[in-house]
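Notes follow once the structure below has been shown.
Laboratory data are not the source of any read-out in this text; all were calculated from the coordinates shown. Quick caveat: nothing in here was measured; it's all calculated off a predicted structure. In this analysis, Cβ positions are derived from the backbone assuming ideal geometry, glycine residues included, and neighbour counts consider all displayed protein chains.
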Amino acid sequence: MPIEKLAEEYKRGRRFFDSQDYVGAARILAQVVGAAPDNLAARLLLARAYYHSAQLGRAEAELRLVLERDPAEGYACLLLGRTLQRQNRPKDAEPYLRMHAAMTGE
């Protein structure tokens, strides 16, 4: 997919996300991430769309990939912790929530 088309699709996915159509946003952003797997901004937005549409397994997988590539991504730590909490896995969530707190001083 040409870079211009990727940028257009990312913006379109962002518009769907901003209008709270998280399933639609996820569908679009999954294609963007498929074409540009190293784009962490698109991958993080995809994870957020999955989280908000209760696709928690997919959100977890995307967030783990984000943190694998950028361990200092504080928002990914927070969202992974919350995703794990929503899956009734509080012990798994604790380290990520502690990391986020340490990064932000909370």
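Averaging the Cα positions of each part gives two centres, and for region 1-36 and region 83-106 these lie 27 Å apart.
The C-alpha atoms of the chain define a longest principal axis, and helix 22-35 lies at about 80 degrees to it.
The modelled label-to-label distance between H52 and K5, using points 7 Å beyond Cα along the C-beta direction, is 2.6 nm. Note on the chain: along the principal axes its Cα atoms extend 41, 24, 20 Å, ordered by decreasing extent.
Fully extended, how many nm does the chain gain between K91 and A72 (0.36 nm per residue separation, minus their Cα-Cα distance)?
On the way: separation 19, 0.36 × 19 = 6.84 nm, distance 2.08 nm.
Answer, rounded to one decimal: 4.8 nm.
Given the DSSP H assignment, sum -39500 (n - 2.57) over each helix run of at least 4 residues in the chain and divide by its residue total; what's the result at 222 nm in deg cm²/dmol, nearest 500?
Details: 6 runs with 85 residues, N = 106.
Calculated mean residue ellipticity at 222 nm is -26000 deg cm²/dmol.
Once C-alpha pairs closer than 8 Å and six or more residues apart are averaged by separation and normalised to the residue number of region 3-104, the relative contact order reads 17 percent. One decimal place: the segment Q20-R64 gains 13.5 nm when fully extended, by the rule 0.36 nm per residue minus the C-alpha distance.
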